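Asker: Please see the structure below; I have some questions.
The values are calculated or read from the model by the stated rules, or taken from the named source; none is laboratory data. Computed from a predicted structure; not experimentally measured. A quick note on method: Cβ atoms are made from the backbone with ideal geometry, for glycine too, and the neighbour counts reach across all protein chains shown.
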Amino acid sequence: MASLAVRGLAKRFGDAVALHPTDLDIADGEFLVVVGPSGCGKSTLLRLLAGLEEPSEGRVLIAGADVTERTPAERGIAMVFQSYALYPHLSVAENIGFPLRMARRPRREIAARVAEVAALLDLSALLDRRPRALSGGQRQRVSIGRAIVRDPAVLLLDEPLSNLDAALRVKLRHEFARLHQRLGATMVYVTHDQMEAMTLANRIVVMRDGRVEQVGEPIALYDRPATLRVAEAIGAPAMNLLPVRIATVDGHGTTVALPEGGDLRVAARVPPAEVGGTATLGIRPEHFRPDPGGPFAGAVELFERLGPQSFAHLGRPDGSPLVAQLPADRHVTLGQVIRFSATPEQAHLFGPNGAAYPRLSP
Ligand code: ATP
C-alpha cells in the first residue's frame, strides 16, 4: 500500500498538450476514479503514473519517494487495461503467475500465490483453461489476477469494464468494490461510466482538455459542481443548462430571468455589478417539480419509463430542450405541456467564465 502524488506533472506530444501541469494527492488505500470526455488526458495521466510514458515536466511520488526516473516494474505499480492482453497459449494459472515467473520466484511460491489470487477472483475452477475458452468477464478477471499477483502497492485500471455487456459490468463493479476492500491497495480507475464513478470512488477527479477541473467526493461533485464542465460530467441524465439573465441580487440570493419569461430564485451570491449580465442556470432532472404555476414549461417530445423512474424530454419555445424526472406512475401524453418549478437551493448558477457562483445556505 502506498500514497501517490504528482507535482507539476505535464505531458506534451509535439505541440499538443495532453496534460497541463497537474498536482494531485492520492491517499494510501484510496479508490480514485478519473472521469472526463474522450481525449481529456485520462489515459495519459494513468500512463505517466505507471511509468509507461515519460513526462515533459514534473514528478511522480509513491509513498513520498520520487519514482519519476524508475521503470514501470520498479514502481510497484500494476495496470489493468480495457483489452485483456492475455497470452493465448498459456493457461489461466500460467497467465496469472506470469509476473512471478518473470521475477524468478520459486515454483512452489508461484503455485500458492496463483491459488490464492484465483480464489479471490472466483477463478479456481478455471485454472487449466486457455483464455479463448473463457467469457469476457472471466478474461478480465484473469487480467486483474495477473495485475494483483505481485501485491502491487498501487493498481491502475484504464476502463477495465468497457468491453463487457451491461449486466457483467454491474457484477464486476461490485467485485471491484470488494477487491478494493480486501486488498486495501491504492487504486486509480479511469472510466466513462457514471455509475462506476459514483459507486466506486472515494473521490472523483473530473478532467477536461488536459486539466483537472475538480476533485472531490462523489456526492460533493454532484451537489456542488465548481464549474459548468463538472456539472456536465457528473450525473445521468445530465444537468439541464439554460441561458439566463441576472435580474436582481440581494442578501438572500439572486433572481434570474428565464429565456421564455418568468423568474427563478437561486441561492447563489452574484456580485451586484453583474446584474443585467448573462449566466447559465443548471437544474438536475430529478430537481424539477411538476407545478402548474411553475416558471418552466415544455411540451413532451419523448417519455422514457425506466421502472422506478420516468424521464420526460421537453421541447421549449426558445429551442433549449429540458429533461425532467417524473414520478413513475405519472401519466403523460406526447405534446402535452407540463410546467415545473425548482427550489432556490437546487438551482445552480454559473458565470460567463464557467465557474459556479458561491452558494448561499438556506
Ligand atoms: P479516451 O477516453 O478517449 O481514452 P483520454 O481522456 O484517455 O481519452 P488520452 O488518451 O490521455 O485521452 O489523450 C489525451 C490527448 O493526447 C488526446 O488529444 C490524444 O489525441 C493525445 N495523445 C495521446 N497519446 C498520444 C500520442 N502517443 N501521440 C500524440 N498524441 C497523443
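Here's the yes/no breakdown for (1) out of contact with any Ser or Thr (no Cβ under 7 Å at 6 or more places or on another chain); (2) at pLDDT below 95; (3) in the same structural domain as THR22 (by TED's automatic domain parsing):
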| residue | (1), (2), (3) |
| --- | --- |
| VAL170 | yes, yes, yes |
| ALA197 | no, yes, yes |
| LEU200 | yes, yes, yes |
| VAL212 | no, no, yes |
| ALA220 | yes, no, yes |
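Asker: Another question, if that's okay. Looking for something more than 16 Å from the ligand (Cβ to nearest atom) and within 25 Å of ALA111 (Cα to Cα) - is there at least one such residue anywhere in segment 185-207?
Answerer: Among the residues of segment 185-207, at least one is more than 16 Å from the ligand (Cβ to nearest atom) and within 25 Å of ALA111 (Cα to Cα), which makes the answer yes.
Asker: Can you give me the number of residues within segment 149-181 that are away from the ligand (no atom under 16 Å from the Cβ) and within 23 Å of LEU52 (Cα to Cα)?
Answerer: 7
Asker: Only one residue in GLY276, GLY335, GLY307, GLY261 is outside any strand (DSSP E or B), at pLDDT 95 or above, farther than 24 Å from ALA233 by Cα and not aromatic (Phe, Trp, Tyr). Which one?
Answerer: Only one candidate qualifies: GLY276.
Asker: For PRO37, only one of the following conditions fails: (1) assigned to a loop (DSSP other than H, G, I, E, B); (2) free of Cβ contacts under 8 Å to residues at least 12 places away in the same chain. What is its number?
Answerer: Single failed check for PRO37: (2).
Asker: On to the next question. Could you tell me which numbered condition ALA257 fails, if it satisfies all but one of (1) within 24 Å of VAL230 (Cα to Cα); (2) touching a residue at least 40 places away in the same chain (Cβ under 8 Å); (3) in contact with a Leu (Cβ under 9 Å, 6 or more places away or on another chain)?
Answerer: If we test ALA257 against (1) within 24 Å of VAL230 (Cα to Cα); (2) touching a residue at least 40 places away in the same chain (Cβ under 8 Å); (3) in contact with a Leu (Cβ under 9 Å, 6 or more places away or on another chain), just (2) comes out false.
Asker: Kindly establish whether GLY298 is outside any strand (DSSP E or B), in contact (Cβ under 8 Å) with a residue 12 or more places away in the chain and not assigned by TED's automatic domain parsing to the domain that holds ASP25.
Answerer: No.
Asker: Right, next: Only residues that are within 15 Å of PRO88 (Cα to Cα) and within 28 Å of the chain's Cα centre (by Cα): list them for segment 112-140, please.
Answerer: Scanning segment 112-140 gives SER135, GLY136, GLN138, ARG139, GLN140.
Asker: Restricting to segment 1-40, what's the tally of residues that are among the hydroxyl-bearing types (Ser, Thr, Tyr) and within 13 Å of the ligand (Cβ to nearest atom)?
Answerer: So the answer is 2.
Asker: Give the residues of segment 40-56 that are part of a loop (DSSP other than H, G, I, E, B) and over 18 Å from the mean Cα position of the chain (by Cα), sorted by residue number.
Answerer: Selection gives GLY51, LEU52, GLU53, GLU54, PRO55, SER56.
Asker: Output the qualifying pairs, or none if there are none: Cβ atoms under 8 angstrom, residues six or more apart or on different chains, first residue in segment 267-280 and assigned by TED's automatic domain parsing to the domain that holds THR254, second residue in a helix (DSSP H, G or I).
Answerer: Once the first residue is assigned by TED's automatic domain parsing to the domain that holds THR254 and sits in segment 267-280, its partners that are in a helix (DSSP H, G or I) give ALA267/PRO344; ALA267/GLU345; THR280/LEU228.
Asker: With respect to ARG316, determine if the residue is within 23 Å of ALA226 (Cα to Cα) and basic (Lys, Arg).
Answerer: When the stated conditions are applied, ARG316 does not pass them.
Asker: Pairs, please: C-beta under 6 Å, at least 6 apart or cross-chain, first residue closer than 12 Å to LEU183 by Cβ and in segment 137-157, second surrounded by fewer than 24 Cβ atoms within 10 Å (Cβ to Cβ) and among the basic types (Lys, Arg)?
Answerer: Partner pairs satisfying both residue conditions: VAL149/ARG113.
Asker: List the strands (runs of 3 or more DSSP E) inside segment 121-211, counting only whole elements, that have at least 1 residues being in contact with a Lys or Arg (Cβ under 6 Å, 6 or more places away or on another chain), of a type in the set (D, E, K, R) and surrounded by 16 or more Cβ atoms within 10 Å (Cβ to Cβ).
Answerer: 203-208
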